[in-house]
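We did not get these values from a lab; they are worked out from the coordinates using the rules stated. Quick caveat, the model's predicted, so the values are computed rather than measured. Here Cβ is always computed from backbone atoms with ideal geometry, including for glycine, and neighbour counts include all displayed protein chains.
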Amino acid sequence: TERTLSIIKPDATRRNLTGAVVKKFEDAGLRVVASKRIHLSKAQAGEFYKVHAERPFYDELTTFMASEPVVVQVLEGEGAIQKNRDVMGATNPADAAPGTIRAEFAESVGENSVHGSDSPEAAKEEIAFFFSGLELVG
Ligand code: GTP
Ligand code: MG
């Protein structure tokens with residue numbers, strides 16, 4: 001089975017939607033195998049999103065991600081990376097399919113409630129960014 005890294009973003013934790021988001025994952029057959037609530041510094045958010053460093057929204061994105069606590073989780077399941085992205089929906093909630101997390105909960109293209117790894121390489125790197133081997137329970 002595959003693993004992916006999920007982040008429940010500040011707009012969702014602020015509105016007490018952590019449980020509602022996790023229910024979407026679990027209903028889709030994904031299992032939470034690691035989970036913690038943390039408050040990223042701006043530097044840590046910048047490091048995590050370094051692939052977007054040249055994008056015009058980088059400063060807004062990293063300021064947002066450091067604004068309030070997030071919940072970082074490892075999700076496991078068959079085809080977990082794609083399944084997670086399917087459940088998240090399109091980046092812009094205006095384009096997200098009905099029933100997806102972003103369609104139901106996201107506030108804008110920036111404050112869009114969740115992050116999910118977009119490839120096996122990204123999943124491996126992002127899981128290692130947040131979790132040690134000891135924290136990963138099968
Ligand atoms: P992630 O799972 O968070 O990586 O989302 P994604 O893969 O659907 O989108 P992408 O990697 O292209 O962008 C990363 C994040 O940057 C998005 O989830 C948004 O939070 C933010 N973002 C993307 N485009 C915009 C934009 O036009 N404006 C703003 N403010 N933020 C954006
Ligand atoms: Mg992305």
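Explain nothing, just the number: dipole magnitude of the stretch 1-78 about its Cα centre with +1 on each Lys and Arg Cβ and -1 on each Asp and Glu Cβ, in debye rounded to the nearest 20. Using Cβ point charges on Lys, Arg, Asp and Glu, the stretch 1-78 gives about 260 debye. Residues whose amide H comes within less than 5 Å of that of Val114, counting only those at least five positions distant or on another chain, are Lys9 (H built at 1.01 Å from N in the peptide plane). Treating each Cα of the stretch 1-59 as an identical point scatterer and ignoring solvent, apply the Debye formula and state log10 I(q)/I(0) at q = 0.13, 0.17 Å⁻¹. Here the Debye-derived log intensity ratios amount to -0.46, -0.75. Note on Ile38 and Ala90: the extension gain reaches 16.2 nm, defined as 0.36 nm multiplied by sequence separation minus the Cα-Cα distance.
When you filter the GluC sites (Glu not before Pro) in the stretch 1-110 for DSSP loop state and at most 10 other Cβ atoms inside 10 Å of their Cβ, you are left with Glu54, Glu78. For the stretch 56-121, chymotrypsin sites (Phe, Trp or Tyr not before Pro) are listed when DSSP marks them as loop and at most 15 other Cβ atoms sit within 10 Å of their Cβ; the list is Phe57. Summing Cβ point charges (Lys, Arg +1; Asp, Glu -1) relative to the Cα centre of the chain gives a dipole of roughly 340 debye. Less than 5 angstrom separates the built amide H of Ala96 from those of Ala90, all sequence-distant by 5 or more or on a different chain. Considering only alpha-carbon pairs that sit under 8 angstrom and 6 or more positions apart, the relative contact order computed for the stretch 21-84 is 51 percent.
Over the chain, dividing the summed -39,500 (n - 2.57) contributions of all DSSP H runs of at least 4 residues by the number of residues returns a 222 nm mean residue ellipticity of -10500 deg cm²/dmol. Average projection, convex hull of the Cα set of the stretch 27-96: 5.7 square nanometres. Entry note, the chain: relative contact order of 37 percent, from Cα contacts under 8 Å with a spacing of 6+ residues.
Let a ≥ b ≥ c be the square roots of the eigenvalues of the Cα gyration tensor of the chain; is it rounded (a/c under 1.5), or, if not, prolate (a/b larger than b/c) or oblate? Since a/c stays below 1.5, the shape of the chain is classed as rounded.
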